[in-house]
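Below you'll find the structure, written out as structure tokens, and then a few comments.
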Ligand SMILES: Cc1cc2nc3c(=O)[nH]c(=O)nc-3n(C[C@H](O)[C@H](O)[C@H](O)COP(=O)(O)OP(=O)(O)OC[C@H]3O[C@@H](n4cnc5c(N)ncnc54)[C@H](O)[C@@H]3O)c2cc1C
Ligand code: FES
């Protein structure tokens, strides 16, 4: 029997492990990937103070700190199932079965796809796949790519590809369909792009953030958006073009794009081919909560947080005894917020495991989560605070009847 | 042919790792010890990892982090191995794969 | 072209197949999956689940309501050799 088991060695899981181990708990961290760090590994961007956020270094630092504290880290170990019996959690991995009283799920996020005709061809990958291939494994996903979907993550990764010397032919929108929502709508995309304007040394976007405060201006902005696109880091960003097909015989050879009007409708006869040997699909992120779902934990659909969220409180407890969540499983945010949530979860677990006098530290950790959120450089959803408030309300609603019993 | 990113303006030079040999569909290749099989193959210009069991359409990596199972191959006789997160080792015999191990749906159908 | 677009990569289920089935049977997300096999393949629906849900007829506004997410274990396929391998 272990004191604490943590599933996921990303920034949330590792920070939780460190917090628990610092209080003297025995911790096992399980992850199916071959390196510790989760999705932090691939991250690389310049921070406002001019320093670089280097995910590989940050991951290595967390990993070393955990090892120094005696945390056991089992990599290459997928978890298939978890069960709860008699106050105890059983964890089934591909190799063995473990049990614990305190289980933290820190399984992070997954990418949502955008279906495009031809998207099963080899060479088509999620935008995160290209990020990991480039920054973590140091293999080029291809020589020349096209990115479908313009959002915070794909803009950041486009720049990372450029840094590694990979040509990005263009970024364009997906063709509108019943499945694409607002990602195919130029006005909506422009709106959300304004939230990355600080990352973009582009006159248009800079101008845009000043000018585009109201809807009317935004509509004008899209209407007059140049058909050739606007360059960000030398990459044409085409909000008035949609990819209608990916072509190639045995693997990607290129994409067909067409001009769209300001409502996202295709203008007939404008199709043209763009050659490329890889294509990235950027449909955004959603919390990977499948293990939490197996427990019967209540969920809520909260779009501001990226999807279905397992109910939890600010101390990272779920309504189920001994089950905790932290990081992107609780909503899509950057790695620093995930790490701060992990620290909070670790302290909460230590308290539940019998350590006294931790309330002050836990309160402080919750404060740090909020401050980190407010100072975030990358905000995946502009209304993340609203989403967090909704979770708090749901928690209150849920525990109120229990309290009055 | 795709290539390794040997130098990087921020991340520096690529980490030196021991070179190992392996086979994929009976052809010999070289890769770096411990890197994911899919990365080693891509560095050799190989994108197609398998063909769809029924429709025979070619498939390569999609998510690259273990979620989609599109990259599954057979490694030293073990089927359904995700090549995007399985570390490469000297002498591995890798194949595009034949029949499937129990897919999730059959497994859960039997156990419901 | 869009009609023949694949939605579920594992089972190669197309947009057309899903849209037609959803219309014909006016089915829930679960029924749509069982009828077409979309989302029932190797990846356990991690890639296409949300898209299939969107195409299903019963998608009312789930916002604000508490639900349980339906997942079946194992969430990763188990290899024959590994079955019964609990050695804790
Ligand atoms: C592809 C991708 C790219 C991203 N890029 C950026 C970016 O550039 N900038 C940014 O700020 N944010 C990015 N994010 C958001 C990212 O999720 C957060 O920044 C942060 O990494 C979340 O930390 P976490 O600890 O919650 O989860 P993660 O870092 O995702 O770690 C979760 C870990 O859990 C493991 N895991 C999941 N399920 C299982 C299982 N069943 N069995 C065993 N192990 C399991 C995974 O292998 C993973 O290592 C990205 C997310 C994704 C999915
Ligand atoms: S590419 Fe998705 S699991 Fe390997």
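A short reminder: the numbers here are calculations on the coordinates, not readings from a lab. None of the values given here were measured: they were computed from a predicted structure. Because the Cβ atoms are built from the backbone with ideal geometry, glycine has one as well, and the counts that use them run over all protein chains shown.
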Quiz item: Which whole-number percentage describes the relative contact order of the range A:1-158, with Cα contacts under 8 Å and a sequence gap of 6 or more?
Solution: 25
Quiz item: Can you give the FRET efficiency for residue A:261 and residue B:16, using 1/(1 + (r/R0)^6), R0 = 60 Å, r = Cβ-Cβ distance, to the nearest 0.05?
Solution: 0.70
Quiz item: Using alpha-carbon positions, what is the distance between the centroids of the range A:276-341 and the range A:1-71, in Å?
Solution: 17
Practice problem: Would you kindly state how much longer the chain becomes between residue A:359 and residue A:65 on full extension, computed as 0.36 nm times their sequence separation minus their alpha carbon distance, in nm to one decimal? | Solution: 103.4 nm
Quiz prompt | Cα centroid separation, the range C:3-28 to the range A:359-401 (Å) | solution = 38
Quiz prompt | chain A, helix-only ellipticity at 222 nm - DSSP H runs n ≥ 4, -39,500 (n - 2.57), divided by all residues, nearest 500 | solution = -10000 deg cm²/dmol
Quiz prompt | Fewest-first sequence of B:82, C:30, C:46 by Cβ atoms within 10 Å of each Cβ | solution = C:30, C:46, B:82
Quiz prompt | q = 0.15, 0.18, 0.24 Å⁻¹, the range B:15-87: log10 I(q)/I(0) [Debye, one scatterer per Cα] | solution = -0.47, -0.68, -1.19
Self-check item: Ranking of C:78, B:14, B:61, A:7 by count of other Cβ atoms within 10 Å, fewest first
Solution: B:14, C:78, A:7, B:61
Quiz item: What is the spread of the Cα atoms of the range C:6-64 along each of their three principal axes, largest first, in whole Å?
Solution: 30, 27, 16
Quiz item: Between the range B:70-91 and the range B:21-36, what is the C-alpha centre distance in whole Å?
Solution: 11
Exercise. Give the value in nm², to one decimal: projected area of the alpha carbon convex hull of chain A, averaged over all directions.
Key: 21.3
Quiz item: If one takes the longest principal axis of the Cα atoms in chain A, at what angle in degrees, from 0 to 90 and to the nearest 10, does the Cα axis of helix A:384-404 lie?
Solution: 30
Practice problem: Scale the Cα Rg of the range A:282-361 by the rule-of-thumb value 2.2 N^0.38 Å and send over the ratio, two decimals. | Solution: 1.13
Quiz item: log10 I(q)/I(0), Debye, Cα-only the range A:335-405, no solvent, q = 0.11, 0.16, 0.24, 0.27 Å⁻¹?
Solution: -0.36, -0.72, -1.11, -1.15
Quiz item: Mind checking the mean number of beta-carbon atoms from other chains within 10 Å of the Cβ atoms in C:5-17?
Solution: 5
Quiz prompt | Sorted by Cβ density within 10 Å, fewest first, the residues A:137, A:188 | solution = A:188, A:137
